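What follows is calculated from the coordinates using simple rules that are stated; it is not laboratory data. Everything quoted here is computed from the prediction, not taken from an experiment. Here Cβ is always computed from backbone atoms with ideal geometry, including for glycine, and neighbour counts include all displayed protein chains.
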Amino acid sequence: MLEDSLPPGYQRQKPVRRPMLGPWQGVIDAILEDDKQRPRKQRHTAKRIFDRLRASGRRVGIASVYRVLELLTSEGFVQRIDLGSGISRYEPIHSGGDHHHHLVCDSCGKVEAFEDRELERAIHRLEKTSGYAVAAHDVVLHGSCSDCR
């Protein structure tokens, strides 16, 4: 999963420098894959990854988990998402274009992903008219879900 990830439309300015993850790459891949089965609001937090590693008998500190996640983020393998709850979530970036944004219920904390082609087109139009080269973006919409209204 992490081996060939690249954000959609992203072009690197420097040659690819693969992070030195060694045996951790398989562990991280397995956790991220397994987390796809979890409810979205429980996925991919540093604490959750830390707890899973410790439960599997691995001796690792929470600071190491954060360092690896920040490295994966800076290298374009993982996207850090702040959904406003004070806890960042991390999602793998797939080269196949699995690009989405998030709806967050401020009452119950439910998080839902959404895709919107018109929104993507609007962002590309803005890129052309503004003169900016947008390397990445994330949209997080806050409100109340249907259960909480």
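For the listed peptides 63-69, 132-138, a ranking on the average number of other beta carbons within 10 Å per residue, highest first, reads 63-69, 132-138. If you take all other residues with their beta carbon under 12 Å from the beta carbon of residue 60, and give Lys and Arg +1 and Asp and Glu -1, the sum is +4.
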